[in-house]
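Working notes for the structure below.
The values are calculated or read from the model by the stated rules, or taken from the named source; none is laboratory data. Predicted model only: the values in this text are computed from it and were never measured. Please note: Cβ atoms are built from the backbone with ideal geometry, for glycine as well, and neighbour counts cover all protein chains shown. Just the protein is used for accessible areas: all its heavy atoms, side chains included, with ligands, DNA and RNA removed. Shrake-Rupley method; radii C 1.70, N 1.55, O 1.52, S 1.80 Å.
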Amino acid sequence: MVPMPLTLPFAELEVGQQLYWQLGNLRVHGQVFLSSWVVIGALLTLVVLGSRKMQREPRGLQNLLEYLWTYIRDLAREQIGEKAYRDWLPFIGTLFLFIFVCNWGGALIPWKIIELPNGELGAPTADINTTVAMALLVSLSYFYAGLSRKGLRYFEYYVEPTPIMLPFKIIEDFTKPLSLSFRLFGNILADELVVAVLAFLVPLFVPLPAMFLGLFTSAIQALIFATLAANYIGEAVHEESH
Amino acid sequence: MTSWLLLATADAATGAAAGASEGGLFDLDATLPLMAVQVVLLTFILNALFFRPVGRAVEEREGYIATSKADAKQKLAQAERLASDLSEQLREARQAAQGLIVQAEQESDQLYREALAAAQAESIAVREQARSLIEAEKSTALAALREDADRLGSLIVDRLLAA
């Protein structure tokens, strides 16, 4: 790599650099796992602290957790429907919380303080592997949801309302994970890049609006991903009223 | 500024071209399945630590609120029924009291009238008796006077005649 012409400690920018770990003959992106462990650790800490002593009159963190729970419940119930949403609530909720904390963690935690030999820490969702992994999980789960609830009748969905829809529905099965993963990946990476570019050009104050906008986008992206995942599952388990 | 932008695109391009060996933005490798496994594990952990306990707490509270609301509604209905019962009883009691008062007034009026009539009759009778007594005494007195007068007259006549 050509060294940067100007090296500010917090405003360096590396794109597409990975910290490779060798596991057997597999190579993985170490920085993604490191930051995702931090994110998961934060999430689990919050959850464990908040649900230690559940009371009928909630106090402290329990309020936050219950708020999150009802928020996710309403989201899942609205998208999946009254009958099946309970089975998928944990999955949808985990997607939402994980993406949300990843995005905000990427924006709020000063990762640059930690020097890596190669690559840089950031939001795990700014790596295509993470988003594709989650999008494929969503695909698997809506197939599983549809097949387990309706059996082979699930495939009637492909020819409804008319058989003309068949090719489009098949294409949809590919575009769904593609759009899910690239939307999240693109938004988060673009946000990080914009903030980094602005910070690189003008280190003070100027990046702040972009940072706030980035926080907003991050939250919206988490919501969009979870809502779409729930919506796909809901479509798969939806019973046509004949 | 353009230098690193070019650098980034060039880097991404080489990354994409050279595949996993060079890195890059679209570098798919074993991170993907491992991340998927990690997310699935996180789902199970969060289900055990977060979704189930918090869901149970929230739903228990919702149930508790629903039952206490129904309870309170039932109690309110009962209280309203009791209140209407009591006001009904109160109304009846008022009516009864009113009736009793009217009856007592009528009775006392009746008694008053009877007593008045009796007293008047008695007074009339007493007066009548007294007058008849007076009449009788007057007539006896007159009779006695007349007799005396007769006797005196005859006595005078006798004396005069005798004389």
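Worth pointing out:
Table: residues versus (1) more than 11 Å from chain B (Cβ to nearest Cβ); (2) in a helix (DSSP H, G or I).
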{"position": "A:Leu34", "(1), (2)": "yes, yes"}
{"position": "A:Val48", "(1), (2)": "no, yes"}
{"position": "A:Glu57", "(1), (2)": "no, no"}
{"position": "A:Gln62", "(1), (2)": "no, yes"}
{"position": "A:Tyr67", "(1), (2)": "no, yes"}
{"position": "A:Leu75", "(1), (2)": "yes, yes"}
{"position": "A:Lys83", "(1), (2)": "yes, no"}
{"position": "A:Ile99", "(1), (2)": "no, yes"}
{"position": "A:Gly106", "(1), (2)": "yes, yes"}
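- For A:Tyr154, the conditions (1) assigned to a helix (DSSP H, G or I); (2) more than 24 Å from A:Gly93 (Cα to Cα); (3) open to solvent by 30 Å² or more (accessible area, probe 1.4 Å) are fulfilled apart from (3).
- A:Leu65 falls short of the stated requirement of being crowded, with 22+ Cβ neighbours inside 10 Å and touching a Lys or Arg at 6+ places or on another chain (Cβ under 8 Å).
- Only one of the numbered conditions (1) open to solvent by less than 40 Å² (accessible area, probe 1.4 Å); (2) touching a residue at least 60 places away in the same chain (Cβ under 8 Å); (3) more than 8 Å from chain B (Cβ to nearest Cβ); (4) of a type in the set (Val, Ile, Thr) is violated by A:Thr131, and that is (2).
- Lone qualifier among A:Asp191, A:Asp173 - being open to solvent by less than 70 Å² (accessible area, probe 1.4 Å), more than 13 Å from chain B (Cβ to nearest Cβ) and touching a Gly at 6+ places or on another chain (Cβ under 8 Å): A:Asp191
Residue-wise test of (1) touching a helix residue (DSSP H, G or I) at 6+ places or on another chain (Cβ under 7 Å); (2) part of a helix (DSSP H, G or I).
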| residue | (1), (2) |
| --- | --- |
| A:Lys176 | yes, yes |
| A:Ser181 | yes, yes |
| A:Glu192 | yes, yes |
| A:Phe200 | no, yes |
| A:Phe205 | no, no |
| A:Leu208 | no, yes |
| A:Leu213 | no, yes |
| A:Glu239 | no, no |
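- Test result for B:Leu28, open to solvent by 80 Å² or more (accessible area, probe 1.4 Å) and at the interface with chain A (Cβ under 7 Å from one of its Cβ atoms): yes
Okay, residues lined up against (1) touching a helix residue (DSSP H, G or I) at 6+ places or on another chain (Cβ under 7 Å); (2) open to solvent by 100 Å² or more (accessible area, probe 1.4 Å); (3) not basic (Lys, Arg):
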{"position": "B:Glu59", "(1), (2), (3)": "no, no, yes"}
{"position": "B:Arg81", "(1), (2), (3)": "no, yes, no"}
{"position": "B:Leu100", "(1), (2), (3)": "no, yes, yes"}
{"position": "B:Glu105", "(1), (2), (3)": "no, yes, yes"}
{"position": "B:Glu122", "(1), (2), (3)": "no, yes, yes"}
{"position": "B:Arg127", "(1), (2), (3)": "no, yes, no"}
{"position": "B:Arg151", "(1), (2), (3)": "no, yes, no"}
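- Contact map, region A:12-25: first residue under 15 Å from B:Asp27 (Cα atoms) and at pLDDT 70 or above, second residue polar (S, T, N, Q) and surrounded by fewer than 18 Cβ atoms within 10 Å (Cβ to Cβ), Cβ cut-off under 8 Å, separation 6 or more or different chains; pairs are A:Gln17/A:Asn118; A:Gln18/A:Asn118; A:Leu19/A:Asn118; A:Tyr20/A:Asn118.
- Answer residue from region A:85-97, given it is within 8 Å of chain B (Cβ to nearest Cβ) and touching a residue at least 12 places away in the same chain (Cβ under 8 Å) and is nearest to A:Glu239 (Cα to Cα) among those: A:Leu89
- Residue within region A:151-163 that is among the β-branched types (Val, Ile, Thr) and under 21 Å from A:Ala133 (Cα atoms) present: no
- In the set B:Thr43, B:Thr67, only one residue is modelled with pLDDT of 90 or more, in contact with a helix residue (DSSP H, G or I) (Cβ under 6 Å, 6 or more places away or on another chain) and part of a helix (DSSP H, G or I); that residue is B:Thr43.
- Test: residue in region A:185-206 that is at pLDDT below 85 and aromatic (Phe, Trp, Tyr): yes
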